[in-house]
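What follows is one structure encoded as structure tokens, with my remarks underneath.
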Amino acid sequence: MNPPHNFVLQGVNHKHNFVRKGMNLLHNLVMWGMKSSSRDGQLLVESLIATSLLIVGFLGIFSLLSRSISLNRVAADSYTATYLAAESIEVARNIVDANALQKKPWNSGFANGDYELEYNAVSLTPDQDRFLQFDSGNNTYSYSGTNQTNFKRVIKIVLVSANEIQVNAIVSWTTLGGGSYQVNLEDHFFNWRS
């Protein structure tokens, strides 16, 4: 049998180990709490950074979409202006052809200057600096439509010689953002019948 002091020592050692284990447990709990709160802080910082990056990304996407929509509008207006200018040149050509059919001089009704033309015109009208109107009933542009557009059309006639007419169809417009654009188509008519 062991002496009693060993028993006491073992008891003290046992109690000391128990206290040490308890202190280690308490230390681990405190450190875990500290690690948990620092992890929470780190998670919060990471969340803020991720949210900021997402916001910047979405703002970039929305900016691109906005720009794309405005450029789409400019492209649509450009197509419309090109067709309006081409229509003017065709109407002027029709007037030249009508002169030939009516046995008039080929350049009858043409003089140097600025003019307006509608799709159904039979003669040139002096320019009055008016906006074209859109008639949604028959989908035509004229000066007597129901909805005002942002397009102005001018036909510039230059009599180059007795056998040549220069026709410039100029369509100008301003976009909602204030950008000014212009389409200028040019054609030359010749007296090939003589």
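The values are calculated or read from the model by the stated rules, or taken from the named source; none is laboratory data. All of these numbers come straight from a predicted model, not from anything done at the bench. Positions of Cβ are backbone-derived with ideal geometry, glycine not excepted, and every protein chain shown enters the neighbour counts. The accessibility values were calculated without ligands, DNA or RNA, using every heavy atom of the protein model including side chains. Shrake-Rupley method; radii C 1.70, N 1.55, O 1.52, S 1.80 Å.
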_For a quick size check, give me the Cα extents of the stretch 72-194 along its three principal axes, largest first, whole Å._
50, 28, 23
*Relative contact order, percent, of the stretch 98-162 when contacts are C-alpha pairs under 8 Å separated by at least 6 residues?*
32 percent
*For an R0 of 35 angstrom, estimate the FRET efficiency from the Cβ-Cβ distance between T125 and N72 and round to the nearest 0.05.*
0.55
*Tally up the carbon and sulfur contribution to the accessible surface of the stretch 104-174 as a whole percent, 1.4 Å probe, everything protein left in place.*
47 percent
_Under the 0.36 nm per residue contour assumption, what length would be gained going from the current alpha-carbon distance of I49 and S161 to full extension?_
33.0 nm
*asked:* So with the 1.4 Å probe, I'd like the accessible area per residue for the stretch 62-162, rounded to whole Å².
replied: 59 Å²
*Could you state the number of Å between the C-alpha centres of the stretch 85-117 and the stretch 137-194?*
13 Å
*What does the convex hull of the Cα atoms of the stretch 118-178 come to per residue, in Å³, rounded to a whole number?*
105 Å³
